[in-house]
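What follows is calculated from the coordinates using simple rules that are stated; it is not laboratory data. Here the structure is a predicted model, which is why all the values come from computation and not from measurement. Neighbour counts are summed over all protein chains in view; Cβ atoms, including those assigned to glycine, are modelled from backbone coordinates with ideal geometry.
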Amino acid sequence: MSIHISAKPGEIAKTVLLAGDPLRAKFIAEKYLQDIKLVSSTRNVYFFTGSYKDKELTVGASGMGCPSIGIYSYELYTEYEVDCIIRIGTCGAYTDKLKLFDLINVDTACSESTYAECAYGYKKDRFKHRGDAFDIINATAAELDLELITGTIHSGDVFYRAEKGKPAIVKKYKCLAAEMEAFALFANARYLKKSAATLLTVSDIISTHQKISAEERETALLPMMSLALETVVRM
Ligand code: HPA
């Protein structure tokens, strides 16, 4: 048991899919996995271990923001010997070249966050994905005929901000989209020499306020879920 995860040693697989929302983790486990076992529900943050096409994996949740995913991913890597974490989440597009439902495989996450400096003394404002999950995601998407965009995204610390327009770091690195977690996940993976990738579905276009509707949300994330699961099978 770790402080925030109550699974017993050996109950978490080497590869973990991390959604932001615990109910999304539950949905994935119930829809796609066989022989599922709820291995942790501390704070109602669910972790299920099961198998997909005979490959053992765990699906869990990170909560929102760098501090939250920082805790869960750190404990998974250090207390449960997890090798690879693939975050699956949503993002807001900064550019109208992206469309709702587009899929992004994050190459680099940048942030104004102090997370990496406070945790590890890293004086960097961007981190790359780590390990081979990123390449396996790209190859799997090609095999499944799924269109995938790769690039730099912004892991912001705030969802609501007074200032209109793009934050300076977004202009500096020409970020495609905004989310709030990949930066801390990639910083942890770097420090701990583990693998990490992030797959995102565009759920809103920031400049036009276009959004995936509540009904569309039911199906919008299915291609990303399938891609993540098929990637795990190929790892
Ligand atoms: N900003 C930050 N995180 C997000 C967004 C956004 O616009 N959309 C989905 N996750």
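Of the chymotrypsin sites (Phe, Trp or Tyr not before Pro) in region 10-63, not one is in a loop by DSSP (not H, G, I, E or B) with at most 15 other beta carbons within 10 Å.
Pairs exceeding 24 Å between alpha-carbon atoms, taken from LYS97/LYS164; LYS26/LYS97; LYS14/LYS124; LYS53/LYS211; LYS128/LYS174; LYS26/LYS174: LYS26/LYS97; LYS14/LYS124; LYS53/LYS211; LYS26/LYS174.
Taking a sphere under 12 Å around the Cβ of ALA142 and counting the other residues whose Cβ falls inside, with K and R at +1 and D and E at -1, yields a net charge of -4.
Fully extending the segment from MET1 to ALA168 would add 56.0 nm, taking 0.36 nm per residue of separation and subtracting the current Cα-Cα distance. Considering only LYS97, LYS53, LYS166, the Gaussian network model of the chain with Cα springs below 10 Å gives its largest mean-square fluctuation to LYS97. The Cα atoms of the chain cover 46, 40, 31 Å along the three principal axes, with the biggest extent listed first.
Straightening the chain between LYS31 and ASN44 buys 2.8 nm, computed as 0.36 nm per residue apart minus the Cα-Cα spacing.
The slack in the chain from ASN138 to SER207, taken as 0.36 nm per residue of separation less the alpha-carbon distance, amounts to 22.0 nm. Positive end of the dipole of region 34-143 (Cβ unit charges, origin at the Cα centre): among VAL39, ALA93, SER51, the Cα lying farthest that way belongs to ALA93. Looking only at ARG87, ARG43, ARG190, which one moves most when the chain is put into a Gaussian network model with springs between Cα atoms under 10 Å? Its mean-square fluctuation being the largest, the pick is ARG43. Estimated from helical segments only, the mean residue ellipticity of the chain at 222 nm is -9500 deg cm²/dmol, where each DSSP H run of four or more residues counts as -39500 (n - 2.57). For ARG87, the shell of other residues with beta-carbons less than 10 Å away shows a net charge of -2, using +1 for Lys and Arg and -1 for Asp and Glu.
Sorted into 5 angstrom bins from 0, the C-alpha pair distances of region 145-235 split as 2, 10, 17, 22, 21, 15, 9, 3, 0 percent. For region 116-166, taking the reciprocal of the average inverse distance between every pair of different Cα atoms yields a Kirkwood hydrodynamic radius of 14.4 Å.
Charging the Cβ of each Asp and Glu at -1 and of each Lys and Arg at +1, and nothing else, the dipole of region 15-233 about its Cα centre rounds to 740 debye.
Each label point was placed 7 Å from the Cα along the Cα-to-Cβ direction; for GLU81 and GLU56 their separation is 1.0 nm.
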